[in-house]
Amino acid sequence: MNCLNNLRQLKAKGEKITCLTAYDASFAQLLDNAGIDIILVGDSLGMVIQGNETTLPVTVDDMIYHSQQVHRGLKRALLMVDMPFMSYTNPKMALETAARLMREANAQVVKLEGGVWLVDTIKQLATYGIPVCAHLGLTPQFIHKLSGYRIQGRSEIEAERIYEDALALQAAGAELLLLECVPSKLAEKITANLEIPVIGIGAGSTCDAQVLVLYDILGITPGKAPSFSKNFLAENGSISAAITAFIEAVKNGTFPGTEHSFK
């Protein structure tokens with residue numbers, strides 16, 4: 001099975017890392033067989049599975065249920081699981097939530113959204129052997145505070161804050177960093193200056209890894225698809241072929257293109 005050391009080696013060699021979301025065993029097996037490096041059980045399930053307008057209604061029990069299903073479909077991919085809204089408001093709560101995700105749902109990495117205020121939480125998780133992926137930029141759990149799904153880090157002040165947050169979270173013990181909807185130049189700077197792998201979504205082509213919501217690459221997301229995504233099924237004859245095309249496009253550097261990035 002894939003592990004964090006494999007991802008660090010890929011970054012060191014300059015080889016791209018691939019990641020897609022999954023929420024059940026059938027899709028997880030398709031992704032695993034295609035050679036995906038990381039499968040993310042995202043709280044995006046609140047929108048694409050449950051039909052909610054945001055990710056906020058998703059519970060820890062929801063995440064455990066779907067992660068258990070995904071795990072049954074895996075043989076090799078690394079399993080990363082989101083910690084849902086209000087499940088890590090302090091280090092003690094975060095430790096309890098993360099322990100459940102690892103013990104009950106077989107998570108290998110947990111992902112949480114937020115900046116420097118998470119330093120103590122990440123230190124606590126790392127102390128107890130829980131690998132963490134930090135998430136900066138557009139953080140969907142803060143959607144109301146951010147006033148919608150907006151690009152983050154365009155001003156010099158915002159960009160510097162995100163950069164400093166990235167350094168602080170790595171120093172606290174984060175093993176991975178996800179950057180969502182930030183200018184490509186900012187993502188390039190962060191990726192170049194961090195030792196840990198950086199996963200991008202709407203963050204340009206220079207990130208070490210790329211992630212998309214599976215439903216977006218299949219063109220079945222309710223409503224308008226994000227501009228940083230691409231419907232890979234439209235150009236291929238099957239779901240399996242679409243998944244393979246995504247992996248190949250990330251690996252060979254043809255995705256994301258400039259049309260999927262922000263200045």
- So what's the net charge close to Ile217: Lys and Arg +1, Asp and Glu -1, counting the other residues with Cβ under 13 Å from its Cβ? -2
- Note on the structure: From the Cα centre of region 193-216 to that of region 27-43, the distance in Å is 15
- Task: Given a cut-off of 22 Å, name the pairs among Lys13/Lys111; Lys189/Lys263; Lys145/Lys189 whose C-alpha atoms lie farther apart than that in the structure shown.
- Result: Lys13/Lys111; Lys145/Lys189
- Query: At Trp117 and Lys189, where each label point lies 7 Å from the Cα along Cα→Cβ, what is the point-to-point distance in nanometres?
  - Reply: 2.4
- Task: Output the peptides 252-258, 69-75 sorted from most to least packed, where packing is the average of other Cβ atoms within 10 Å over each peptide's residues.
- Result: 69-75, 252-258
- Pairwise centroid distance, computed over Cα atoms, of region 147-173 with region 77-132, Å: 20
- Message: Tell me the net charge near Val41. Cut-off is 14 Å between Cβ atoms, Val41 excluded, with +1 for each Lys or Arg and -1 for each Asp or Glu.
- Response: -4
- Message: Place a point 7 Å from Cα of Ser26 in the direction of its Cβ. Which residues in region 211-247 have their backbone N less than 13 Å from it?
- Response: 239-240
- Item | Assigned charges on the beta-carbon of Lys, Arg, Asp, Glu; region 4-260 dipole about Cα centre (debye) | 300
- Message: At 7 Å along Cα-to-Cβ for each site, give me the label-to-label distance between Asn106 and Tyr149 in nm.
- Response: 3.0
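So if each residue of separation counts as 0.36 nm, and I subtract the Cα-Cα distance between Gln9 and Ser227, what length gain in nm does that give?
Additional length available on full extension: 75.4 nm.
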- Protection-proxy order for peptides 223-235, 41-53, 88-100, each taking the mean of Cβ atoms within 10 Å per residue, highest first: 41-53, 88-100, 223-235
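Coordinate-derived values only; no laboratory data. Just so we're clear, the structure is a prediction, and the values are computed from it rather than from any experiment. Neighbour counts are summed over all protein chains in view; Cβ atoms, including those assigned to glycine, are modelled from backbone coordinates with ideal geometry.
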